[in-house]
Amino acid sequence: MTQRRLRLLLAEGNSGEAAAALHALYSENNPGLDLTVVSTVATLLATIKVVDPEVILLDLSLNLREPMDAVHLVHRTAPGVPLVVFADPAEKAQAIHSLTEGAIDFILKGQIDEPTLERVLRAALERNTLAGLTDLLRDQVTGLYSRDGFLTIGRRHQEEAVRSGGSMVLICVLFENLQALRDAFGPGTADRELNDVATLLKGCCRRSDVVGRLGEAQFAVLGVGAVAPNGAVMRNRLEQHLATDNQTRSPWGPIDLRSSVGSWNPQDQRTFADFLDGIESSLRIKEAEMIGEKVSQT
C-alpha cells in the first residue's frame, strides 16, 4: 500500500483472521505496519494513549454487555481515530448499527482479505487527512464549517450512508435580519449575533450532526442518520429554542431565522452539492417572494 509505517491497533479474539490478513498485506517486502494486537476491550482502551494509533480495528465479539458498548467506549476514548469493526456474518445488523455509534466502516468475518483491508485502510487514512483539512475549512467568526468544509464533510457522510443504507436530513437557515442588526448596532454586535445563532444551532443538534455557516447569513444543519420525519422534529426544536432565546435578547431585539428542510436516502441520485442546492433554493425562492411583496406594497 505505502512505504510509510501505519500505526494500527487491533483488538481481536482467538481467530486471528484480521491479524493474518494484515501481515499478508504488509509483507516483508512492504514493511509499512506498526501493529499492536490486544485481546480485550479493556486492554484496547488502556493501550490507545500509548500507541497513538492512526486506525483502530475492533472485533465486535469482544463486547462488554453489548457490542455497541465496546464501540461507544472506543469512539469516546479516541473520537478522532477512524474505527473499523469486524463481525460474524450473523452480526451484520449490529455491524451496520455500529456506523451510527462512531465506526466508519465494517468488515464481515470470512471476508477479511487483502483487497478489502486495503480499501478500508485507505479510506480510514483519507479520513484522517480529511479531518486535518476540514479544520482549515472553518468560518473565522463562528468556528462552524465554511461552505467548502460543509460540502466536504457532507460528501463523506453521503458515501457512508450509501454503504450503510442510511439517510440524512438537511435544514438550511437564513438569518434574515443580520444586516438590520449590523446597521443599527455595528459589526461587533452582528458578529456576536452570528455566534449566538451558531450556538443555537449546535444546541439543537446531536453530537453526530454537522453545522456550517455557508455564507454571510446562511447556515445549515446536516442530520446524519436522520430520516425524513425527523426533519420536522429538528425544525420545531430549532423554532422552540429560538423563541426562548428571543425572550431575553434585549436590547438588540429578536433574531429572525427562516428555514427550509429536506431529506436524502440512497435511492436519491443527487450529489451532496445538488442536495444542498435544492434545499437552499427553497430559501432563495421564499426570499424573492418576500422582496416582491414588499415592492408591491410601496
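The values are calculated or read from the model by the stated rules, or taken from the named source; none is laboratory data. Because the structure is predicted, anything quoted here is derived from the model rather than measured. Every residue, glycine among them, receives a Cβ derived from its backbone with ideal geometry; neighbour counts consider all protein chains shown. Keep in mind that these areas ignore ligands, DNA and RNA; they rest on the heavy atoms of the full protein, side chains included. Shrake-Rupley method; radii C 1.70, N 1.55, O 1.52, S 1.80 Å.
Figures for the structure shown
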{"item": "Matching residues, segment 155-191, being open to solvent by 20 Å² or more (accessible area, probe 1.4 Å), small (Gly, Ala, Ser) and not in a loop (DSSP other than H, G, I, E, B)", "result": "Ser164, Ala180, Ala184, Gly188"}
{"item": "Segment 75-88 residues that are more than 13 Å from Ala124 (Cβ to Cβ), paired with ones that are of a type in the set (Gly, Ala, Ser) and part of a loop (DSSP other than H, G, I, E, B) (beta carbon under 8 Å, 6 or more apart)", "result": "His75/Gly102; His75/Ala103; Arg76/Gly102; Pro79/Gly102; Ala87/Ser61; Asp88/Ser61"}
{"item": "Filter result (touching a Ser or Thr at 6+ places or on another chain (Cβ under 7 Å) and among the small types (Gly, Ala, Ser)) within segment 213-225", "result": "Gly225"}
{"item": "Odd one out for Ala42 among (1) under 12 Å from Ala11 (Cα atoms); (2) open to solvent by 10 Å² or more (accessible area, probe 1.4 Å); (3) in contact (Cβ under 8 Å) with a residue 12 or more places away in the chain", "result": "(3)"}
{"item": "Positions within segment 192-214 being without any contact (Cβ under 8 Å) to a residue 60 or more places away in the chain and either polar (S, T, N, Q) or open to solvent by less than 60 Å² (accessible area, probe 1.4 Å) (or both), in sequence order", "result": "Leu194, Asn195, Asp196, Ala198, Thr199, Leu200, Leu201, Gly203, Cys204, Cys205, Asp209"}
{"item": "Members of segment 44-69 found to be within 20 Å of Glu17 (Cα to Cα), modelled with pLDDT under 85 and assigned to a helix (DSSP H, G or I), listed by number", "result": "Pro67"}
{"item": "Criterion (at pLDDT below 85, open to solvent by less than 50 Å² (accessible area, probe 1.4 Å) and under 19 Å from Leu58 (Cβ atoms)) met by exactly one of Ala123, Ala95", "result": "Ala123"}
{"item": "Members of segment 218-232 found to be open to solvent by less than 10 Å² (accessible area, probe 1.4 Å) and either more than 18 Å from the chain's Cα centre (by Cα) or of a type in the set (Phe, Trp, Tyr) (or both), listed by number", "result": "Phe219"}
{"item": "Selected residue [out of contact with any His (no Cβ under 7 Å at 6 or more places or on another chain) and at positive phi] from Gly262, Gly278, Gly253", "result": "Gly253"}
{"item": "Residue list for segment 224-255, restricted to those being closer than 24 Å to Gly165 by Cα and assigned to a helix (DSSP H, G or I)", "result": "Ala228, Pro229, Asn230, Gly231, Ala232, Val233, Met234, Arg235"}
